[in-house]
Amino acid sequence: MNDFIHELRHDHHVIQQVVAGMSAVAELLDSGQPVDPSVLSDLVQFLRVFADQCHHEKEEQHLFPLLATKGNVSTRRELESLEREHRSAKQLVEQLAKVAAVYIHNPAAVQYRVIDLLQQLVELYPAHIWKEDFLLFPLAQQNLSQTEQQELKKKFEDVERDIGENVHAGFEMLVQKLGAVVEYRNSNACPLCSAAA
């Protein structure tokens, strides 16, 4: 597998783990269990930095423009569709950030809006990732030269370096924490539920 594709698929794997956690958080809230507000803040930070500033930037600033020069009208339409989905995700995350700020002080007032936004993100990401993994990435492998692929890999490394290693380590801890809530969402030992639960 090409290095740049491997890196994007790794990003997708991390995002999918967080999406599973978002689904579990939404289920907990829907069952009436309060969730520690820091969890929502962490999710917003992850989606803003890892998903948008890191992953989407790799695609929108580097991969998509290169593929647009290689593809036909259908390819360009698909790239535009993927970019629209990125914008939709970003809008949902910004709405979640605003609602999460209210949740800190008055969870009951926005509980159902938090659930709705989490569910919309949970619906958006898997289909989006599938399109990239099974339609876009094979197209990239077929149409980009080895030199272009190596250049993409270097550009992706630059994006990662700009984000910072410590930031990635923090997000890996969030993934582990969310993995625990996925595992324990149906028990009384939920690590993300607030102490009041």
Quiz item: Restricting to the stretch 5-55, what's the tally of residues that are of a type in the set (D, E, K, R), surrounded by fewer than 20 Cβ atoms within 10 Å (Cβ to Cβ) and more than 15 Å from Ala100 (Cβ to Cβ)?
Solution: 5
Quiz item: Filter the stretch 115-174 for residues that are of a type in the set (Phe, Trp, Tyr) and within 24 Å of Leu43 (Cα to Cα); which is farthest from the chain's Cα centre (by Cα)?
Solution: Phe156
Quiz prompt | Residue in the stretch 80-98 that is nearest to Glu60 (Cα to Cα), counting only those that are free of Cβ contacts under 8 Å to residues at least 24 places away in the same chain and touching a helix residue (DSSP H, G or I) at 6+ places or on another chain (Cβ under 7 Å) | solution = Glu83
Quiz item: Does the stretch 113-136 contain any residue that is touching a strand residue (DSSP E or B) at 6+ places or on another chain (Cβ under 9 Å), in a helix (DSSP H, G or I), touching a residue at least 40 places away in the same chain (Cβ under 8 Å) and under 17 Å from Ala24 (Cβ atoms)?
Solution: yes
Quiz item: In the stretch 70-114, which residue that is among the polar types (S, T, N, Q) and at pLDDT below 95 is surrounded by the most Cβ atoms within 10 Å (Cβ to Cβ)?
Solution: Thr75
Quiz item: Pairs under 7 Å by beta carbon, first residue touching a residue at least 60 places away in the same chain (Cβ under 8 Å) and farther than 14 Å from Glu57 by Cβ in the stretch 149-176, partner part of a helix (DSSP H, G or I) and polar (S, T, N, Q), six or more apart or different chains?
Solution: Val175/Gln17
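The values are calculated or read from the model by the stated rules, or taken from the named source; none is laboratory data. None of these values were measured; they are calculated from a predicted model. Please note: Cβ atoms are built from the backbone with ideal geometry, for glycine as well, and neighbour counts cover all protein chains shown.
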